[in-house]
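Just below is one structure, and these are the notes that go with it.
The values are calculated or read from the model by the stated rules, or taken from the named source; none is laboratory data. Because the structure is a prediction, the values reported are computed rather than measured. Reconstructed Cβ throughout: ideal geometry from the backbone, glycine too, with neighbour counts over all protein chains shown.
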Amino acid sequence: MTDLVDLSHHHGITTEYDDPSGEGTRPVPEATLRLILRKIGVDPDGPIDGPAAPQEMEVPDDGICHMPEWLERAPGWGVFCQLYELRSARNHGIGDFTDLAEMARIAGRAGADFLGVNPLHALFLGDPTRRSPFFPSTRSFLSPVYIALDALPGHAPEDIDGAALRAGDLVDYDAVVPAKLAALRAAFERRPFDGDEAAFEAFVKDGGAPLRRHALFEALSLAMSAEGKGAGWQGWPKALRDVESPEVEAFTEEHANEVRFHLWLQWQATRQLDAAQACAHEAGMRIGLYLDLAVGEAPDGSASWGGGETQMTGLAVGAPPDVFASEGQYWGLSAFNPGTLAQRDFAPFRDMIAAQLAHAGALRIDHAMALWQLFLIPDGEPASAGAHLRYPFSELLRVLAKESREREAVVIGEDLGFVPPGFREAMQAANILSYSILYFEKDGARFKRPEEYRPTALACLSTHDLPVLERWWAGEDIALRRELGLVGEADSDAHARERTRERRALLDAMRRAGALRGRLPRQREMPQEVLVAAHRYLARTRAALVGVRLADMVGPKAPTNMPGTVDEYPNWRPRAPLDLSDIAIHPDFRAVTAMMRHERPRDA
């Protein structure tokens, strides 16, 4: 019998990883190695055969992504927001595509080159509690919840109580999702096409079997959820888990209009998102919309229903134990099967990337290290039982780069956490911008100087998993982690002392760089001068792009997401405290954007 360790290494599976205690390594369980081998089509008891997994991150000549030549002459900047958080007098308790278009106009007129948003992937209409945009049902289709009702020809205001849904400071998904779905269905039944039925039929034809299968999944998911069997297919009767079963065929025939409704939802979402991108360009943005791609999909969602062979079923994405999480991290997401991808000439990956870039000028890839490897954990096992699996890096780059060049779209790779040696260098060679977070760009206790930032990067203060600067300055994130029981008292006290030192170090760095001058007012809250200076500091880095969080300027100041929590904190729910119509005149928005226009003017 072939040695299991040698066989695993040949196929790019790690057999051990560093112990977080710093004392040696931990072996990967034999059962995990055997499971992963079987999933990629290799007999764990067979001989070593077939091509070996890549050992180096080779960037092929045709694996170079698009990079606008103007970026070198005139580095750009843009605004980030969570689409759902946008508040307007006309939406229905959650930001929508019309709000996105208006926010693009506001940011574009302020001098921004892009407007970045959270992943817009389809979630689960049948289960509004599954609200994380990073845990989608599929990454290839859009969430209909973002459709602007008042832009539909068949919508009637009396179909939904918008005022009640807009009233709270948190998005009430349990109320918003069914209410908007009912109003969408009413608009569909009343006047779905308004003379554009030929365009709809062309959209359905172009979408082909994947689009029709997704629409069928959505119809079944809602039906099964109504019967108490759950929105995800793993809880459905066995016959309905098989796309090709007679029972599914019968459902399709009996509910043809419902399936057509979900096809129509995707058509409307696509049209409205495209309209927002057009608004971004009309407002002067050189990039336009900047979309976000989650690292995986729910194991019981649309992507894996009927397409399970393209997924690493029985295995979930996570992270190995380290000094920050001694038991590792279990993310629960399903990932592509590299063996099946190769057999299909990478069509599933290609289609997924194309689905994003069809509507955007830039794409952020969450956990970009997935292009090289993923840590996979067997279902039902702790994260410590997982192993890294190598992916066909060069081939994935070729597909990504081709789509990027054809769409003339910028690609950004989120490279936070454990980054394998050589990965950032490979990203740079492939024209993929890395992520530089001010909070983390340090050399010991010293914040890196602007000239020390990587030019092939997007720089920003923080991300959706981190506090806005005002809350970071006050140490409120430390207090909240303590309150939620995520950090013990001793560690929390140590973090608070360290934050005091970090605050002083940041002020010193900004003064040395000339980003902050003069005395600060003596006040408890963070002065506006610090907010502007921190962004000026980033604007003067060598980074090709700089991102400004809308929340840093106008709110919401509450955390977007608290990693390590599910229901303990209202993740992905905080709404902006002011209406879209008031953003452009907000003093912090005006101060920060005026400075950014001055420091990073558009190419004339």
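Which one is nearest to Gln373 (Cα to Cα) among residues in segment 11-66 that are in contact with a helix residue (DSSP H, G or I) (Cβ under 6 Å, 6 or more places away or on another chain) and of a type in the set (S, T, N, Q)?
My answer is Thr15.
Find the residue count for segment 213-234, including only residues that are within 18 Å of Pro136 (Cβ to Cβ) and either of a type outside the set (A, V, I, L, M, F, W, C) or without any contact (Cβ under 8 Å) to a residue 40 or more places away in the chain (or both).
Count: 9.
Just to be sure before I move on: is Ala112 among the small types (Gly, Ala, Ser), more than 22 Å from Asp366 (Cα to Cα) and not in a loop (DSSP other than H, G, I, E, B) in the structure I sent?
No, not satisfied.
Just checking, how many residues over segment 388-439 are farther than 20 Å from Arg286 by Cα, under 18 Å from the mean Cα position of the chain (by Cα) and in a helix (DSSP H, G or I)?
1
Among what's in segment 304-328 and is in a strand (DSSP E or B) and out of contact with any helix residue (DSSP H, G or I) (no Cβ under 6 Å at 6 or more places or on another chain), pick the residue that is farthest from Glu218 (Cα to Cα).
Ala319
When you go through (1) touching an Asp or Glu at 6+ places or on another chain (Cβ under 9 Å); (2) modelled with pLDDT of 95 or more one by one for Trp70, which number turns out not to apply?
Looking at each condition in turn, Trp70 falls short on (2).
Which helices (runs of 4 or more DSSP H) does segment 1-100 wholly contain that include 2 or more residues that are free of Cβ contacts under 8 Å to residues at least 60 places away in the same chain and surrounded by 14 or more Cβ atoms within 10 Å (Cβ to Cβ)?
4-10, 30-39
Quick check: is even one residue across segment 329-338 surrounded by fewer than 16 Cβ atoms within 10 Å (Cβ to Cβ), touching a residue at least 12 places away in the same chain (Cβ under 8 Å), within 26 Å of Gln82 (Cβ to Cβ) and under 22 Å from the mean Cα position of the chain (by Cα)?
yes
Name the residue, out of Asp174, Asp194, Asp274, that is surrounded by fewer than 17 Cβ atoms within 10 Å (Cβ to Cβ) and over 20 Å from Asp96 (Cα atoms).
Asp194 is the lone residue from the list that is surrounded by fewer than 17 Cβ atoms within 10 Å (Cβ to Cβ) and over 20 Å from Asp96 (Cα atoms).
Got a sec? Which helices (runs of 4 or more DSSP H) wholly within segment 153-227 have at least 2 residues that are within 19 Å of Phe261 (Cβ to Cβ) and under 27 Å from the mean Cα position of the chain (by Cα)?
173-190, 197-226
Can we say Glu244 is in a helix (DSSP H, G or I) and either without any contact (Cβ under 8 Å) to a residue 24 or more places away in the chain or among the charged types (D, E, K, R) (or both)?
It is false that Glu244 is in a helix (DSSP H, G or I) and either without any contact (Cβ under 8 Å) to a residue 24 or more places away in the chain or among the charged types (D, E, K, R) (or both).
Within 16 Å of Glu441 (Cα to Cα) and at pLDDT 95 or above - does that describe any residue in segment 474-494?
no
Conditions: (1) of a type in the set (Gly, Ala, Ser); (2) under 21 Å from Thr313 (Cβ atoms); (3) within 22 Å of the chain's Cα centre (by Cα). Ala31 meets all but one. Number of the miss?
Single failed check for Ala31: (3).
If you take the residues in segment 120-135 that are within 10 Å of the chain's Cα centre (by Cα) and surrounded by fewer than 24 Cβ atoms within 10 Å (Cβ to Cβ), which one is farthest from Gly78 (Cα to Cα)?
Phe135
If I ask for residues that are touching a Pro at 6+ places or on another chain (Cβ under 9 Å) and of a type in the set (Ser, Thr, Tyr), which ones from segment 22-54 would you list?
Thr32
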